[in-house]
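Worksheet for the structure shown next.
Each reported figure results from applying straightforward, stated rules to the coordinates on display, with no laboratory input. Quick caveat, the model's predicted, so the values are computed rather than measured. Positions of Cβ are backbone-derived with ideal geometry, glycine not excepted, and every protein chain shown enters the neighbour counts.
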Amino acid sequence: MNITVKVLLGMALGIIVGLIINLTGSNVSGTWVNSYLTNGVFHIVGSMFVNALKMLVVPLVFFSLVSGVCGIGDIRLLGRIGSKAFILYLITTAIAIATALFIASGLGIGEGMNAVSNANFSGKEAPSLSSVIINIVPSNPISAMAKGEMLPVIFFSIVFGISLLMVGKKAESVSSFVEALNEIMMKMVTVIMAVAPYAVFCLIAKAIANLGLDLLEQLLGYVLVLIGVLLFHLFVTLQIVLKVMSGLSPFTFIKKMRSTQVFAFSTSSSNATIPVTLRTVTERLGVKNSVASFTVPFGATINMDGTAIMQGVATVFIANIYNVDLGMMGYLTVILMSVLASIGTAGVPGVGLIMLSMVFTQVGLPIEGIGLILGVDRLLDMIRTAVNISGDAVVSVVVAKSEGQLNESVYNDPDAGNNIDVHLEKANA
Ligand code: ASP
């Protein structure tokens, strides 16, 4: 069995076990299921796995980006890759939220609904655009790395890589050292992925066991519309972008991204998924490291199509419940704010709601309204994170193709990078 099949199996079993625990009501605190399974084995194995992924993120991004910059060798090409990725990320996010606003307001979700929020949600002010821009440059790279702040780490790595190139011959030993370190880090991703099917099972079983299914029923309209738009964006919009801009097969893309989407789904974190996305994009989709090492971590931070869709649907839903007419200007502000908010916010679990509070402050919607959707956000966060990382992968492929940095035979080989081999003897051979 290859890794994709194993991971999908882990997910399916996780959903079944989680549902059984949830529906039989055996997850009440104090019961052995709750203490030893959901908060015991599932919690421990799942959290250890997420930690292991997070452990790889910063060193992997640093080493792969430095060796990626060295691999490009041409600073102009680097600039082109950067600007293409940035523009595509902004455009796809804007399309995502516009689709969400259009469909949600067309369907009039939340109209005539009488709901009072009983959960407490305190929002956050949006950081100013100037501070977002200033903070791209780290005053202390070690502190940025320790905090896992992606944009400053990316910035430092690129400048480091460019300087390494400029030093030339004298620094050659450093470039080969970094290249070897990059390979070691990629091997660590493979090692950790070997346990992924079990960890995915634990993470999903726990999440489903803890879902408030009765809440899901009350908010069915919101949940269904949101999931519908997310799927539409994933399977229609993004695939059209891929086909039109690269000419490559969307079917191959969808097939090869499945297991990575399961990682995003089970961890709810684009950031924690970076190692897996990077591995898939390079080893399964054939994007050269010089492009992927930049586009993947950059996308995990600034590109959040799924999160933007949630913001669009939630804005319409809550505006309708509170009888607020946003008007055309309101909608445009929502689009602009969501795109801006996504640039400065990292892809970690639940951050979408914080971004939503920034949007609400701008358009004058009551922040307490977010309390209404709080209870169902756990599941939706899982789904939208899978959409977020798929957007990163599409843009990576498109940019790589346009710059001649895509290995099409890898893209078209159904088995490329799908076998996890962690045998020491073989690695030595
Ligand atoms: N969890 C999402 C991500 O990591 C962000 C969010 O929508 O909350 O991409």
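Among the residues of region 246-266, is any within 14 Å of the ligand (Cβ to nearest atom), outside any helix (DSSP H, G or I) and out of contact with any Phe, Trp or Tyr (no Cβ under 7 Å at 6 or more places or on another chain)? No, region 246-266 contains no residue that is within 14 Å of the ligand (Cβ to nearest atom), outside any helix (DSSP H, G or I) and out of contact with any Phe, Trp or Tyr (no Cβ under 7 Å at 6 or more places or on another chain).
Within region 61-74, the set of residues being touching a residue at least 40 places away in the same chain (Cβ under 8 Å) and more than 28 Å from K147 (Cβ to Cβ) comprises just one member, G73. Of the residues in region 417-429, none is among the polar types (S, T, N, Q), free of Cβ contacts under 8 Å to residues at least 40 places away in the same chain and either farther than 30 Å from E183 by Cβ or assigned to a loop (DSSP other than H, G, I, E, B) (or both).
Counting only residues that are of a type outside the set (A, V, I, L, M, F, W, C) and under 30 Å from F156 (Cα atoms), which one in region 32-61 is surrounded by the fewest Cβ atoms within 10 Å (Cβ to Cβ)?
We begin by selecting, within region 32-61, every residue of a type outside the set (A, V, I, L, M, F, W, C); these are 34-36, 38-40, 43, 46-47, 51, 54, 59.
Still in the running and under 30 Å from F156 (Cα atoms): 47, 51, 54, 59.
Values: S47: 14, N51: 10, K54: 18, P59: 17.
It comes out as N51.
Name the residue that is nearest to the chain's Cα centre (by Cα), counting only residues in region 383-405 that are under 29 Å from V229 (Cβ atoms) and more than 16 Å from the ligand (Cβ to nearest atom). Before you say what the answer is, go through the steps one by one.
Our first condition is that a residue be under 29 Å from V229 (Cβ atoms); within region 383-405, this holds for 383-402.
Right, trim to more than 16 Å from the ligand (Cβ to nearest atom) and you get 397-402.
Working: V397: 16, V398: 18, V399: 18, A400: 19, K401: 22, S402: 23 Å.
Here the answer is V397.
Within region 288-328, the set of residues being under 30 Å from S67 (Cβ atoms), more than 16 Å from the ligand (Cβ to nearest atom) and in a helix (DSSP H, G or I) comprises N289, S290, V291, A292, S293, F294.
Please enumerate the residues belonging to region 336-355 that are within 16 Å of the ligand (Cβ to nearest atom) and without any contact (Cβ under 8 Å) to a residue 60 or more places away in the chain. Write out each step before concluding.
Kept after step one, since they are within 16 Å of the ligand (Cβ to nearest atom), are these residues of region 336-355: 337-355.
Correct list: T345, V351, G352, M355.
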